[in-house]
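> Can you read through this structure? Questions will come right after.
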Amino acid sequence: MPHPLPQAGFPAGSVRRLVVKIGSALLVDPAGEIRLGWLKGVVEDIAARHAAGQQIIVVSSGAIALGARRLGLPKGGRGSLDDAQAAAAVGQIALSHHWTGLLHQKGLTAAQMLLTLDDLEHRRRYLNAAATLERLLSLGVVPVINENDSVATTEIRFGDNDRLAARIGQAARADAVALLSDVDGLYTANPHSNPDAKLVPLVKRIDADIAAMADGGSGSGMGSGGMASKIAAARIATGAGAHLAIISGTPQRPLSAWENGANGTIFLAQHGKRARQNWLAGRLAIKGHVHIDAGAEKALLAGNSLLPAGVVSISGSFSRGDVVDIAGPEGRVLARGLIEYDAPDAIRIIGKRKSEIVELLGQPVRPALIHRDHLVML
């Protein structure tokens, strides 16, 4: 089923959950100071959307740039890995202070999450991050997320927050992602150097022609992302069922400016929820098998979670967050999902209801063996 065409601006009426990514060049001036007046305008936008019922997640760069100034490090703190890690450790405190204070002035509570690539690639930690985001949003909190640059190494780095924002959109089941940039969208060529470049307002599919328009450079010298990283982020987000927009972050209230007609490029989500979980259907090693009864099969086909009460048998050696196949009464594999329990506990709760599971395990339990948000029909 085609994903509905999004409204420009991703207003609260059409987008329930939005990830907003802010880069270092927008947030930090060339002297290494927070652009406080601009940040206040962004928070005004966030508060207005929150009041209208939209859930907002912020992915905020800026820690390295802020820390580098305070430590007097050359090259904006990016001269070496050691410098970047030290700058991030110092700058993250300052960055969090500004976000917390400004959101508090608007009656909003901020939460900080620092992640590495491995946190979202490892399935157990992915589930934990997704659950934390879900709970924070349900409490009306604004999560502020950054890459954990103080511990990240080449092997576990996103490398830019564009792709981190797209991955967060996937984990949080966001409807859309907005990348605030120093350009107001994707152009047919680099608009800074080519006056004939034309804005591409809508991208229905990312093909070779679209990819060729990307410019890998970061004009500010502060950030790590260019248009190439934004195209990569768009592939992740749209493949996960979320629209992605590249818009200008230079206006005082950039989200309002875009909603009121400013330029931007929207990359359309591919196939809604099915595409969001496409990665699950074909990319992960299967660690176990869950056999279910006819009632559970009917529940899955109706879009529900898999509860232990409908399970007949379980085989395999797996941990919470691993991928398992789900077979119906006739033995045909009909679904695949991320299991919520380690194998020994999963086997113990076969056929049990929640009250019985609590008695068996003696601890807070998750009602679903596989939640519908982490399950895909095959």
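The values are calculated or read from the model by the stated rules, or taken from the named source; none is laboratory data. Since the structure is predicted, the reported quantities are computational estimates derived from the model, not experimental observations. Neighbour counts are summed over all protein chains in view; Cβ atoms, including those assigned to glycine, are modelled from backbone coordinates with ideal geometry.
> Report yes if some residue within the stretch 179-187 is over 25 Å from residue 375 (Cα atoms), aromatic (Phe, Trp, Tyr) and modelled with pLDDT of 90 or more; otherwise report no.
yes
> A further question on this structure: Could you say whether any residue in the stretch 359-375 is out of contact with any helix residue (DSSP H, G or I) (no Cβ under 9 Å at 6 or more places or on another chain), over 29 Å from residue 120 (Cβ atoms) and exposed (fewer than 14 other Cβ atoms within 10 Å of the Cβ)?
yes
> So which of 52, 65, 48 ends up being over 22 Å from the mean Cα position of the chain (by Cα) and under 30 Å from residue 258 (Cα atoms)?
Of 52, 65, 48, the one residue that is over 22 Å from the mean Cα position of the chain (by Cα) and under 30 Å from residue 258 (Cα atoms) is 65.
> Of all residues being within 21 Å of the chain's Cα centre (by Cα), of a type outside the set (A, V, I, L, M) and farther than 12 Å from residue 20 by Cβ in the stretch 228-261, which is modelled with the lowest pLDDT? Just the residue, please.
The extreme case among them is 239.
> Pairs under 8 Å by beta carbon, first residue touching a residue at least 24 places away in the same chain (Cβ under 8 Å) in the stretch 130-142, partner of a type in the set (D, E, K, R) and assigned to a helix (DSSP H, G or I), six or more apart or different chains?
These pairs meet every condition: 130/373.
> While we're looking at this one, here's another question. For the stretch 336-364, give me the residue count where each residue is farther than 25 Å from residue 301 by Cβ, in a loop (DSSP other than H, G, I, E, B) and either hydrophobic (A, V, I, L, M, F, W, C) or at pLDDT below 85 (or both).
3
> So, in the stretch 224-262, of the ones that are closer than 27 Å to residue 76 by Cβ and of a type in the set (S, T, N, Q), which residue ends up surrounded by the fewest Cβ atoms within 10 Å (Cβ to Cβ)?
252
> Quick test of your reading of the structure: residue 322 fulfils all but one of (1) of a type in the set (Asp, Glu); (2) under 23 Å from residue 174 (Cα atoms); (3) at pLDDT 90 or above. Name the failing condition by number.
Against the list (1) of a type in the set (Asp, Glu); (2) under 23 Å from residue 174 (Cα atoms); (3) at pLDDT 90 or above, residue 322 comes up short only on (3).
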